[in-house]
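The next block holds one structure in the form of structure tokens; read it before the comments.
The values are calculated or read from the model by the stated rules, or taken from the named source; none is laboratory data. What you see is a predicted model; the values in this text were computed from it and never measured. Quick reminder, even Gly has a Cβ in these numbers, built from the backbone with ideal geometry, and neighbours come from all protein chains shown. Ligands, DNA and RNA are stripped out before the accessible areas are found, and what is left, the full protein with its side chains, is counted by its heavy atoms. Shrake-Rupley method; radii C 1.70, N 1.55, O 1.52, S 1.80 Å.
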Amino acid sequence: MVSEGFWLWQFLGRLHPMVVHFPIALLFFAAFLELLTIGKFKSKLRSGINLMVLTGAASTLVAAILGLLLANNEAVEGELLDLHRWLGIATAVFSLAVLFLLNQVEKNSQREKIKTYRAVLFISAIGVGFSGHFGASLTHGEDFLTETLPWNGAKSYEPSSFDLASFDSGASGLSPEKEMQLIGEVRTILAHNCYKCHSGAKIEGELRLDEREFVFQGGESGAILIPGNPSESELIRRVNLPKNHKDVMPSKGKHLSVEEIKLLSYWIEKGAPWPYGAEQKSVYRVAKLAPRKPALPTPTAGLENPIDLWVNAYFEENNVSWQPVVDDRTYLRRIYLDVVGLVPSPEELNAFSNDPNPDKRSLWLRKLLDRNNDYATHWLTFWNDALRNDYTGTGYITNGRYNITDWLYKSLQSNKPYDVFVKELLNPTDASKGFIEGIRWRGTVNASQRTEMQAAQNVGQVILGLNLKCASCHDSFISDWKLEEAYAFANIFADSTLEVSRCEKPIGKMADTKILWEELGEMDGTLSRSEKLRQLSEYLVQPANGRMYRTIVNRIWKQMMGRGMVEPVDEMDNEPWSQDLLDWLASDFVEKNYNLKELIYLIGTSKIYQSPSFGVKSPDIFLAEDYVFGGMVRRRMTAEQFSDAVSQIFSPVFEEKDMKYNPAQLLPEQNSKLTYTRASLVANNSFLTALGRPNREIVSTNRDSQASLLQALELTNGERLNAVLEKGAVQWKEKYKDGLSIINEVYTKALLRKPSKKEREIALAALGKSPDLDQIQDFFWAVVLLPEFQLIY
């Protein structure tokens, strides 16, 4: 929006975004070249450097003047503008100082001023860079640059599913409760669509929309709404304009949805009610902290597992029918992959199928859970992702990061109670300190990526199902968490008191020291770091922290069932499809001494786990407001499961030299009988990355189960799989002399069944009676690409 002013000043001011790129490029490049002349001031680069300094300083001064004209004529205010303005002026002054000092050195031969000249040049280059960054933040939003960083991957905003039709009873007025509910929905729309340009950080057109008095005060063009008359309200006019109209709002980003515009219109039509105190009321769902164990539903014939009783109650309420349980082959393959990460052998399937015991499924599941080494090796993948632990990568060589593999493996191998597991992560020994110590990034690190804040973010995300990334920089737009609350939690992990920074700008206030939910206990900020960590670990693991135990139960449920009761699993304030089941499982988990294997056993022996899986076209279905649980979601093997299956059936994907952690050296009594290296024990590589192993420099609590183009390219043209199947073809040709034997054995080992008549005919036509190595390798390839091989049904 434009304020009244002389047209020429407005025109010149709008040249500022174009001119400002010159000093950024020139001064940065001049500073870089100056580095190359250290030790030899009279370098052949000198004339070029001098020209860039001269033009860079001049353009800095011009850009600053044009910027002042722009600010004074475009009706933009706010903290970011102030910071951008004064930093730009300071940079212009420093640039003039650079010119003066260069002149002293060159023309007056004052060589003693070379160091001063260079220092001021470097300061000017840094200053113009930061000033440009804040200018971009004014134009595109405060997180325009940082939102692209992997550790700032906050969930994008999804419009509310508020049902206006059912909300509107037709009455002329609204009750106080409905007024509060309505303004909560309105504020959510404003927060996610308007605050970047119309809040305390940036005020365009003299308009703020983040507080009651400013909304009704309006902006430079007057009132933005007329209570009771949406058709004459400027706010409604602007949000209804076409996308390319000069007056449309929001001017950047997504247009408001039809539902959001209807809601704003309805609010204004009802008189734009904004009860006092509405700013303090949450516009987001907040899950209860305390544990809760509801009474089990009435027993039903054929259902004994408590999980099934809750699922049955849910099915009855939502008109969902039970399906027959899967056959032995599907169930055995399912529990093998979920518990130990391997596919069963034909011999194991035969023994299981012929076992006459009616409780054989629960007995075999128990036997699998007792294979401690295979269990630990498989679940190491899940916890390495979540705790961002790896074998190689940023920080390990420079002691900027610490490996916790040995502690983690032994904890899983011994089935350490989860409360003890968490306590040792939060109040660690040297063996387990890597999680909260984070990564000490080299170079300049922004305030929200200090190791103390990393610890707060990661503990919040992994252990509490909470996203603090947004609140680490400013008050969150996706939850009620505030900047100062995030800093108070981060202060627990600090050696000295942290200063609060908002969007990288210190606000002149030191952080408190508090746990996120003060009802769990009061932190003593005067204690040493080690004592604060001990105190935190005791507070968080107590049974009263129902959120922590709901979070882990939800994670394990998703690992086995394909979709969490709450989605996404890191946002536990979202509504579960069954609050009763989630609460009951979390309480039962605590009562069973925090035993993860018992939780897996309970899920694995339920009828719903044994029911058929189903596929989905898009993972977006999981996040839909009208999602209805129907059973297990079909999943793709993880990179590690796929690699181990290929190693087990055809030829090892990884060699012993690839192993970065060898459990057998530390726990010889648990030595596995496997003749190949498990993929979870090797460092990341292009093959595993293509198949979905994440970069463990950030927390990863969810792997995409959908096939990707990169995965398809790796499986069809990748060098590693090609070499493995080529080697396997040699080994199989030596062992099996004819094509029919190879066909039967591959189907039996890879798919745990005999080929159908049609499959046998097609395969035999491709292989022939005496296939060569290329034919065998192509046959292997065709099998490993089958959905039946890659999916967990």
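For the range 542-607, what is the convex hull volume of its Cα atoms per residue in Å³?
Expressed per residue, the convex hull around the Cα atoms of the range 542-607 is 82 Å³.
Please report Rg over Rh for the range 478-582, where both radii come from the alpha carbon positions and Rh follows the Kirkwood definition.
With Rg and the Kirkwood Rh in hand, the quotient comes to 1.05.
For the range 384-456, go through all pairs of different Cα atoms, get the mean of 1/r, take its inverse, and jot down that Kirkwood value in Å.
12.9
Roughly how tilted is helix 773-784, in degrees to the nearest 10 and between 0 and 90, from the longest Cα axis of the chain?
Between the helix axis and the principal axis of the chain, the angle is about 70 degrees.
Hey, which of these cross-link pairs are over 22 Å Cα-Cα: 288/416; 423/558; 367/607?
Distance filter (> 22 Å) returns 288/416; 423/558.
Add -39500 (n - 2.57) for each DSSP H run of 4 or more in the chain, then divide by its residues: what number comes out at 222 nm, to the nearest 500 deg cm²/dmol?
After summing the helix terms and dividing by the residues of the chain, the value is -15500 deg cm²/dmol.
Give me the mean projected area, in nm² to one decimal, of the convex hull enclosing the Cα positions of the range 392-527.
So the Cα hull casts an average projection of 9.3 nm².
For the chain, take the longest principal axis of its alpha carbons; what is the angle in degrees between that and the long axis of helix 114-140, to the nearest 10 within 0 to 90?
70
As a test of the definition: which semi-axes, in Å, follow for the range 200-352 when you take the square root of five times each eigenvalue of its alpha carbon gyration tensor? Largest first, please.
Three semi-axes, in Å: 57, 22, 17.
Could you state, as a whole-number percent, how many of the C-alpha pairs of the range 602-754 are farther apart than 29 Å?
34
Mind giving me the nanometre distance, one decimal, between the label points for residue 329 and residue 300, set 7 Å out from Cα along Cα→Cβ?
Modelled inter-label distance: 3.0 nm.
For the cross-link pairs 433/532; 482/509; 735/769; 410/657, which exceed 20 Å when the distance is taken from alpha carbon to alpha carbon?
Too far apart for the 20 Å limit: 410/657.
Quick check on the chain: what are the equivalent-ellipsoid semi-axes from the Cα gyration tensor, as sqrt(5λ), descending, whole Å?
53, 37, 27
Can you list, largest first and rounded to whole Å, the semi-axes you get for the range 569-666 by taking the square root of 5 times each eigenvalue of its Cα gyration tensor?
32, 22, 14
Give the angle, between 0 and 90 degrees and rounded to the nearest 10, that separates the Cα long axis of helix 21-36 from the longest principal axis of the Cα atoms of the chain.
The angle comes out near 70 degrees.
For residue 255 and residue 756 in the same chain, what is the full-extension length gain: residue separation times 0.36 nm, less their Cα-Cα distance, in nm?
Difference between extended and current length: 174.9 nm.
Could you tell me the largest-minus-smallest coordinate of the C-alpha atoms of the range 332-414 on each of the three principal axes, in descending order and whole angstroms?
Answer, in whole Å and largest first: 58, 22, 17 Å.
Write down the Å³ per residue value for the convex hull defined by the alpha carbon atoms of the range 666-793.
162
Pairs of alpha-carbon atoms within less than 8 angstrom and 6+ residues apart define the contacts here; what relative contact order does the chain have, in percent?
This gives 10 percent for the chain.
Of all accessible surface on the chain at a 1.4 Å probe, what whole percent is carbon and sulfur?
55
Along the principal axes of its C-alpha atoms, what lengths does the range 476-532 span, in descending order and rounded to whole Å?
31, 24, 14
State the extension gain, in nm to one decimal, for the chain segment bounded by residue 781 and residue 241, taking 0.36 nm per residue of separation less the distance between their alpha-carbons.
188.9 nm
Could you compute Rg(Cα) / (2.2 N^0.38 Å) for the range 298-343, with N its residue count?
Computed over Cα atoms of the range 298-343, the ratio equals 1.45.
Can you compute the modelled spin-label distance between residue 531 and residue 577, with each label point 7 Å from Cα toward Cβ, in nm?
4.9
Mind computing the radius of gyration and Dmax over the alpha-carbon atoms of the range 79-125? Å is fine for both.
Rg and Dmax of the range 79-125, Cα atoms, are 12.9, 43 Å.
For the chain, what is the accessible area per residue in Å² when the probe is 1.4 Å?
Accessible area per residue, the chain: 46 Å².
If I model a spin label at residue 164 and residue 397 as a point 7 Å from the Cα along the Cα→Cβ vector, what separation in nanometres do I get?
Taking the two extended label points, one gets 5.9 nm.
Straight-line reach only, C-alpha to C-alpha below 20 angstrom: list the lysines that residue 246 could link to, leaving out same-chain residues fewer than 8 apart.
Output for residue 246: 196, 202, 254.
Heavy atoms only, probe 1.4 angstrom, no DNA, RNA or ligands counted: give me 571, 206, 640 ranked by accessible area, highest first.
If we order 571, 206, 640 from most to least accessible, we get 206, 571, 640.
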